[in-house]
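Visitor: I have a structure here, written as structure tokens, and I will follow up with some questions on it.
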């Protein structure tokens, strides 16, 4: 296994490096684009313009923001628990980068196809919870800490329906590799067979990315800025970028698992893939600019009493039908 | 408490690289994130400015951050009382430099109509607490005035004005 | 693919397992709080799991029982963590602290 | 040494460092992060043992579930203002040191004597299909037992939490 | 319960409908430095002096000081006037208004017996100094007349 | 009404209530008492289900006078109970065990006048900052004794190691300004909430004593910057009542239109801000879109967008024009169409309903004990709207109803405010239809007002509830005392009780539902 990996790395070293660079570039560009899109979408939903004066259609706006954040004073509050405080914004990027390695953008555009691909994403996504925990705990700020606690509880609760909603698809596709799952949807998207799983996955993923109506860890009206209250400048930017990249990742996984990934007529695969992913991203933004935030106990109740039983039922029915 | 704010240095890089600094200034001027900090009447007009009709987000200044650590400038909107003064300076000190302050409304500029002989509770001008970059007078100022103040602040940061000037009599 | 690669050495894995076991035992003994003990317990279980996997892939090639049993261990560990969390919360509510040595009455 | 070996050394170092942190650290939250590091190291080791599925499950369960449960316990049990501090006695420290030293000696012996006790690891990756077959074919009873255990423990945990709440 | 669930879902979808409709509706923004809203003629900016219609070189203020007394916040710091040859009343030569303490209540305009005061439409003033808004209304009047 | 005087006479030995002319004074019955009889009298009022409307103090130099105003909700019967206190050693019995609202008023009087209330559980300062030297509202300089200084800013959280405090504010997105609420938390649950006020104390009551009646006009618009018209109206009504100035009909109707427009404006902002508290930002921007229409209309006549100073004693600042009437009509038409949008976006939304249902439930009894006002009071099922109950201006000619709630929770306050907006629209329509011609200003209003000696209490219904203005005149051109009984203050008083045992998110929702305007509380 190791040797395989190493061999692969050395033989396709060029491809690997290129892939990694590509992933990094994509992460940054995508996140910047999404911050712009978020503000534009929000603006138009509120019948205003959004960023406009900085560059054509305000497209330079996120770049200006990024440069500005880079140029900010690097400020470390005196009371913080330094190792945790420093590590958190770096660690939050690990799952993000790892996830991009296995997501197939096109039939041939994938850094590497691991046969337990989806497990890699799910396993590493728990690091982001840990880094939120580190940020909240390390900041020595009560708002941050409450944000972190909420985040942990929320992630425990929603990781389960997330997994349970993906399992029927894995059962249908008979594989854990993302590429194979896409290939299996040649004729029929899994969303048609598994609409309930898709909805459960989508709700759970909105909760996992801490977006409204589930944005409790950073609920502005309650916790100021939640776990990243004490972060400023570049460190804050990392959280910001990670948040938007996470949104893209969950959308990309949804597109891969339920919407046929890069499959689609006429247009090249990558265009289809991005179209589907960005459409889901748009829906997530749309939700944010429409709904109020749920309360903490309602959030947990919804997961434990609503989504998880529903996902189980769905899983059992799928399993039963497959056997027959 | 008068002088507390002034010794804070605006520049963080002692050696200036002219080009880099210019790009940075341009970026800063076009990405001014205010801290959500409403004090009194003017806060409502500040909200109006960020709403659909005036849309401060057009200039990239619509990202109101509740945490001062993530904000670039503070709009002091309203009367600063002596009880509030230490809070305000703390907030200012929590912001990472470079940082700016807009004093919006007459109360913030000078204590406004609440200045009278024998007054015991008002700070007569927020510039006694923190350095103020732009003053926007009015009681309360119209949202246009706040936008003008923002543009003035951009002008101060970059040294040039990108937008047409609007004269009013 | 020769045997003299460092990672193709059974003893090494067994040693790491031993180390985990030792440290875990130490923790269980010396930790004051229940959570500390729980963490140490997890280390012990991991040591056991590593043993199984290592022996499986070195001595019992061709089947995957070792891996399967390690998965069982993980399941048990998860169950243990859940129940321990419940106990810790109960103890905290009952006694106001979570220091194992201080809990004199165990009537619940 | 090959790159693989270097990485392997890194992995076992991380495991051991994490383990030591988990056991010795004064603050529980650091202990938890030590455990997380150790678990990642373990996952790396499993990859070297040709068990990628196991490695992923290791991260998923230990990092994603157990350590978060522990973090939860830390935060619930220790009220938020008070960081639960572990009491580090000298005796404990000495004991730990002794364990570490003995282990190091053993390690040295193993590394030195590695060449003459080599058994080969077959580069066979255990597929998930194979694992599933074992579970549902030969190991059905233990599998069901573990499932039962988990269910019972979840119910037990909920009961414990509810019961103690009522008492308060 | 099922009815409640369906109703809830329907309400969520209705909400989405509102926002997506707004998304495709035209914006209501007036882009300030590029497009200007019409300011109401009664808008109260800082006060200004009015020109005497009989003598366009002169303002109507006679420096009587009533506005100074009636101002609630003492914003009108100083009103000085001098009586020129051949005129019945004094004419203001200096009218210092500290706009930064003004509350734009309009009492000075109301009490002025000569209707010499009026509101300007300076709705977008902003400056770098507090002193920028210590107006001398006589000078302001002259400046605006030149323009 | 006359019954109460007899009853007091019968129940309390030696009490001599005097009935007064309500149209002149604004209260029905006056009663002077002594410290030993006060508890009996207050208890009597409590039994008769009166609420403590206001508790204030006036410094007559020779003596301090405490004024307790009691009233009933549905059929107004306002009784003024006065108690003279020695200015050298001001001590009075505390009524906080009988009326919860007295707890707050007594603290306020303590710090502004130095009156010590015996039996008060927490005689610490609420509004003032640390370097205060004299009691602010005492005539002449009365220094604050040093031992009193220790009472300043007494609430220092975090001193005890084993409690976990959260400071909501003074700069916090959910407190809508500079309110600080110190929350003692048990995890996510609130054990105790303690508001700390005075971060925007702008000395309005002190200023009132320092300037003429006319000069105080701009202050009224700045106390409650969301409903300045109501404050304007209350103040001019009070002074007009005090000086017996009559107002032409046209002015009365224009006042109603302007006030109701402003009420809609205020409620709209509340809807938006409340939704923002609950995490939905888009409604906030939608309501501002509507608000802009109102502001345009009002700017056309008043010249300002927010802090209006439009009403004058005896009339208006200037007349309304056709443009205003057309603009108002257009707005009313537009607004009728907007309710369905809010219904879809907010009222029907299941998340919103679940967040607000059963949160911050107020019972009628609680509302009475705390003297809660406005929509919050009506949510508890008490149909008390001063526009109807104690009609002023020409509200008795208007047809509108009083929406009341069933449960008293935050959702009810929301529904009531929406219904009130609809009512306001109806009132505007009626007032526009009835709008008479004629002058907009009474003819003979003296430039310098010197009202006759005496006091007056005038109430108006602001968007947030009962505003009471108590003016004492000593025949000079400036009032001896002007007390503002503000609705937000009495609504805030109930917050600690409502928040106890709730989640942090609920506390935010409750705080939002009370619709607090901080400058109004702090004055």
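Visitor: Could you tell me whether the range A:103-111 includes any residue that is crowded, with 23+ Cβ neighbours inside 10 Å, within 11 Å of another protein chain (Cβ to nearest Cβ) and at pLDDT 80 or above?
Guide: No, that holds for no residue.
Here is a yes/no grid of residues against (1) surrounded by 15 or more Cβ atoms within 10 Å (Cβ to Cβ); (2) in contact with a strand residue (DSSP E or B) (Cβ under 8 Å, 6 or more places away or on another chain); (3) within 30 Å of residue E:115 (Cα to Cα):
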{"position": "E:12", "(1), (2), (3)": "yes, no, no"}
{"position": "E:26", "(1), (2), (3)": "no, no, no"}
{"position": "E:29", "(1), (2), (3)": "yes, no, no"}
{"position": "E:38", "(1), (2), (3)": "no, no, yes"}
{"position": "E:44", "(1), (2), (3)": "yes, yes, yes"}
{"position": "E:58", "(1), (2), (3)": "yes, yes, yes"}
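Visitor: Go through (1) modelled with pLDDT under 85; (2) touching a helix residue (DSSP H, G or I) at 6+ places or on another chain (Cβ under 9 Å) one by one and return the number of the condition residue F:81 breaks.
Guide: (1)
Visitor: Still on this structure: Among what's in the range A:30-49 and is within 7 Å of chain B (Cβ to nearest Cβ) and within 24 Å of the chain's Cα centre (by Cα), pick the residue that is surrounded by the fewest Cβ atoms within 10 Å (Cβ to Cβ).
Guide: Within the range A:30-49, the match that is surrounded by the fewest Cβ atoms within 10 Å (Cβ to Cβ) is A:39.
To keep it simple, each residue is scored yes or no on (1) in contact with a strand residue (DSSP E or B) (Cβ under 7 Å, 6 or more places away or on another chain); (2) assigned to a helix (DSSP H, G or I); (3) over 27 Å from residue A:215 (Cα atoms).
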position	(1), (2), (3)
F:355	no, yes, no
F:362	no, no, yes
F:415	no, yes, no
F:428	no, yes, yes
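Visitor: Also, I was wondering about something else. Only one residue in F:240, F:292, F:299 is touching a residue at least 24 places away in the same chain (Cβ under 8 Å) and either part of a helix (DSSP H, G or I) or within 14 Å of chain A (Cβ to nearest Cβ) (or both), so which one is that? So that I can check it myself, show each step before the final result.
Guide: Values: F:292 fails: touching a residue at least 24 places away in the same chain (Cβ under 8 Å); F:299 fails: touching a residue at least 24 places away in the same chain (Cβ under 8 Å).
One residue alone meets the criteria, F:240.
Visitor: If you don't mind, another one. I need a count of the residues in the range F:203-228 that are under 25 Å from residue F:386 (Cβ atoms) and within 14 Å of chain E (Cβ to nearest Cβ).
Guide: The first filter runs over the range F:203-228 and keeps only residues under 25 Å from residue F:386 (Cβ atoms), leaving F:204-205, F:208, F:213, F:216-228.
From what is left, the residues that are within 14 Å of chain E (Cβ to nearest Cβ) are F:204, F:208, F:213, F:216-223, F:225, F:228.
Counting residues in the range F:203-228 that are under 25 Å from residue F:386 (Cβ atoms) and within 14 Å of chain E (Cβ to nearest Cβ) gives 13.
Visitor: Okay, next question. If we only count helices (runs of 4 or more DSSP H) wholly inside the range B:66-169, which ones have 2 or more residues that are over 30 Å from residue F:140 (Cα atoms) and more than 9 Å from chain E (Cβ to nearest Cβ)?
Guide: Because the criterion is at least 2 residues that are over 30 Å from residue F:140 (Cα atoms) and more than 9 Å from chain E (Cβ to nearest Cβ), the helices (runs of 4 or more DSSP H) in the range B:66-169 that meet it are B:85-94, B:143-158.
Visitor: Among the residues of the range C:19-50, what is the count of those that are free of Cβ contacts under 8 Å to residues at least 24 places away in the same chain and either touching a strand residue (DSSP E or B) at 6+ places or on another chain (Cβ under 7 Å) or surrounded by fewer than 20 Cβ atoms within 10 Å (Cβ to Cβ) (or both)?
Guide: 3
Visitor: Right, next: Considering only residues of the range F:331-372 that are free of Cβ contacts under 8 Å to residues at least 12 places away in the same chain and within 30 Å of residue F:255 (Cβ to Cβ), which is surrounded by the most Cβ atoms within 10 Å (Cβ to Cβ)?
Guide: F:333
Visitor: If I filter the range D:120-146 down to residues being in a helix (DSSP H, G or I) and touching a helix residue (DSSP H, G or I) at 6+ places or on another chain (Cβ under 8 Å), which single residue comes out as modelled with the lowest pLDDT?
Guide: Looking at the filtered set, the residue picked out is D:128.
Visitor: Among (1) more than 14 Å from chain F (Cβ to nearest Cβ); (2) surrounded by fewer than 16 Cβ atoms within 10 Å (Cβ to Cβ); (3) farther than 26 Å from residue B:105 by Cα, which single condition is residue E:131 missing?
Guide: Result: residue E:131 fails condition (3) only.
Visitor: Of the numbered conditions (1) within 27 Å of the chain's Cα centre (by Cα); (2) more than 14 Å from chain E (Cβ to nearest Cβ), residue F:325 fails exactly one; give the number of that condition.
Guide: Failing condition for residue F:325: (1).
Visitor: Now a separate question. Can you run down the residue pairs with Cβ atoms below 9 Å, 6 or more apart or on separate chains, where the first is in the range A:313-324 and touching a residue at least 60 places away in the same chain (Cβ under 8 Å) and the partner is not in a helix (DSSP H, G or I)?
Guide: Listed by first residue and then by second, the contacts come to A:314/A:194; A:318/A:194.
Visitor: Separate question: It is to be established whether one or more residues within the range A:152-163 are over 26 Å from residue A:238 (Cβ atoms), crowded, with 22+ Cβ neighbours inside 10 Å and out of contact with any strand residue (DSSP E or B) (no Cβ under 7 Å at 6 or more places or on another chain). So that I can check it myself, show each step before the final result.
Guide: As a first pass, look at the range A:152-163 and keep what is over 26 Å from residue A:238 (Cβ atoms): A:160-161, A:163.
In the following step, the residues that additionally are crowded, with 22+ Cβ neighbours inside 10 Å were identified as A:161.
Filter once more, so that each one left must be out of contact with any strand residue (DSSP E or B) (no Cβ under 7 Å at 6 or more places or on another chain): A:161.
Checked against the condition, which is being over 26 Å from residue A:238 (Cβ atoms), crowded, with 22+ Cβ neighbours inside 10 Å and out of contact with any strand residue (DSSP E or B) (no Cβ under 7 Å at 6 or more places or on another chain), the range A:152-163 yields at least one hit.
Rundown of residues vs (1) facing another protein chain (nearest Cβ under 10 Å); (2) surrounded by 15 or more Cβ atoms within 10 Å (Cβ to Cβ); (3) modelled with pLDDT of 80 or more, yes/no style:
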| site | (1), (2), (3) |
| --- | --- |
| F:119 | no, no, yes |
| F:132 | yes, yes, no |
| F:151 | no, yes, no |
| F:159 | no, no, no |
| F:177 | yes, yes, no |
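Visitor: Then there is this: From the set of residues in the range E:46-56 that are modelled with pLDDT of 80 or more and assigned to a loop (DSSP other than H, G, I, E, B), which is surrounded by the most Cβ atoms within 10 Å (Cβ to Cβ)?
Guide: Among those that are modelled with pLDDT of 80 or more and assigned to a loop (DSSP other than H, G, I, E, B), it is E:46.
Visitor: When you go through E:38, E:9, E:19, E:29 one by one, which is the residue that is under 27 Å from residue A:284 (Cβ atoms) and under 24 Å from the mean Cα position of the chain (by Cα)?
Guide: E:29
Visitor: Being touching a helix residue (DSSP H, G or I) at 6+ places or on another chain (Cβ under 8 Å), crowded, with 24+ Cβ neighbours inside 10 Å and in contact (Cβ under 8 Å) with a residue 40 or more places away in the chain narrows it down to one residue among F:280, F:273; which is it?
Guide: Just one listed residue meets the conditions, F:280.
Visitor: Could you tell me whether residue D:73 is at pLDDT 65 or above, surrounded by fewer than 18 Cβ atoms within 10 Å (Cβ to Cβ) and within 9 Å of chain C (Cβ to nearest Cβ)? Don't jump to the end; show me each part of the working.
Guide: Values: at pLDDT 65 or above: yes; surrounded by fewer than 18 Cβ atoms within 10 Å (Cβ to Cβ): no; within 9 Å of chain C (Cβ to nearest Cβ): yes.
It is false that residue D:73 is at pLDDT 65 or above, surrounded by fewer than 18 Cβ atoms within 10 Å (Cβ to Cβ) and within 9 Å of chain C (Cβ to nearest Cβ).
The values are calculated or read from the model by the stated rules, or taken from the named source; none is laboratory data. A quick note: this is a predicted structure, and the numbers were derived from the prediction, not measured. Cβ sites come from the backbone with ideal geometry, for glycine too, and all protein chains shown count toward neighbours.
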